[in-house]
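A.B. asks: Here it is, the structure, as structure tokens.
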Amino acid sequence: MADIAVGTPLAAPLPRQRTLLVGTVFGTAASLMYFAALLGVYLRERADALSGGGEWIPSGANIQLTQPTVAAWTMLMSVVTMQWAVYSIARDDRPHAIMATALTTLFGLSVVITTSFQYTQMGLVADESIAAVLIYTISGSHLAMIAIGLVFLLLMAFRALAGQYSSRQTDGFVAASIYWYAVVFVYVVIWTAIFVLK
């Protein structure tokens with residue numbers, strides 16, 4: 001074993017692995033492909049039903065545009081607060097990062113509540129038609145996606161409170177923001193394809 005002379009510079013530290021960021025990107029891509037497939041089935045079935053002269057939404061259903069529009073605007077506002085969290089943690093402003101994460105979480109919870117209220121108002125029976133099955137499957141899957149995003153946000157806020165994130169390590173907040181932006185994008189597509197076009 002060779003001795004190291006005093007004053008010899010140490011080797012450069014190994015670059016930090018970005019496993020959380022890479023894993024989030026792959027998970028987000030999988031979620032986007034899942035919703036692309038569901039919406040493709042929805043739009044194909046809708047086109048087939050309308051081209052055959054039938055109706056797509058059952059006659060007893062009352063799918064309004066008010067609740068989904070409020071939810072869409074709420075999701076778009078959450079993009080601003082999510083970016084605020086990333087901006088704050090990158091500048092070592094932990095209190096504002098926590099506040100922005102809390103606001104984003106509140107926006108997400110309000111979309112869950114709005115969607116739940118919409119379910120009570122639609123009058124759409126789940127096994128009544130293929131349209132009802134697809135609408136509940138797509139919107140329910142999005143609610144699950146929001147729930148995963150909320151857990152992700154709360155974990156990042158907890159870790160920031162513990163001092164694990166700073167301007168030197170922002171991967172957690174960046175990963176959470178990538179996933180959250182996908183949640184918002186998916187909802188805007190759902191809002192357009194299902195609730196605006198009906």
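A.B. asks: Out of [x] -0.44, -0.91; [y] -0.30, -0.88; [z] -0.38, -1.05, which label holds the value of log10 I(q)/I(0) by the Debye sum over Cα atoms at q = 0.09, 0.15 Å⁻¹ that was computed here?
C.D. replies: The value matching this structure is [x].
A.B. asks: Separate question: Under a Cβ-Cβ cut-off of 13 Å, what is the net charge of the residues other than G54 that fall near it, where Lys and Arg count +1 and Asp and Glu count -1? Intermediate values should be presented prior to the final figure.
C.D. replies: On the way: positive: R46; negative: E45, D48, E55.
Combined, the nearby Lys, Arg, Asp and Glu give -2.
A.B. asks: DSSP loop trypsin sites (Lys or Arg not before Pro) in segment 5-84 with at most 12 other Cβ atoms within 10 Å of their Cβ, which ones? Before the final figure, lay out each step's value.
C.D. replies: Working: sites: R16, R18, R44, R46; in loops: R16, R18.
Hits after loop and neighbour filter: R16.
A.B. asks: Counting only C-alpha contacts under 8 Å and six or more residues apart, can you give the relative contact order of the chain as a whole percent?
C.D. replies: Details: 187 pairs, mean separation 67.0, N = 198.
Reported relative contact order: 34 percent.
A.B. asks: Among L153, L124, L20, determine the one that fluctuates most according to a GNM of the chain built with springs between C-alpha atoms less than 10 Å apart.
C.D. replies: Among L153, L124, L20, the largest GNM mean-square fluctuation belongs to L20.
A.B. asks: Using just the helices of the chain, give the 222 nm mean residue ellipticity in deg cm²/dmol: DSSP H runs with n ≥ 4 each add -39,500 (n - 2.57), and the total is spread over all residues, rounded to 500.
C.D. replies: That comes out to -25000 deg cm²/dmol.
A.B. asks: In addition: A29 to S110: extension gain in nm, 0.36 nm per residue of separation minus the Cα-Cα distance?
C.D. replies: Numbers: separation 81, 0.36 × 81 = 29.16 nm, distance 2.51 nm.
My answer for the length gained is 26.7 nm.
A.B. asks: Quick check: the angle from helix 171-190's long axis to the longest principal axis of the chain, C-alpha only, nearest 10 degrees?
C.D. replies: That works out to roughly 10 degrees.
A.B. asks: Once you place label points 7 Å from the Cα toward the Cβ at V6 and M99, how far apart are they in nm?
C.D. replies: 5.2 nm
A.B. asks: For every other residue with a beta carbon closer than 14 angstrom to the beta carbon of Y42, add +1 if it is Lys or Arg and -1 if Asp or Glu, then tell me the sum. Show your work: numbers first, answer last.
C.D. replies: On the way: positive: R44, R46, K198; negative: E45, D48.
So the surrounding residues net to +1.
Every number in this text was worked out from the coordinates using simple rules, so none of it is lab data. These numbers were taken from a predicted model, which means no experiment stands behind them. As a convention, Cβ positions derive from the backbone with ideal geometry for all residues, glycine included, and neighbour counts pool all protein chains shown.
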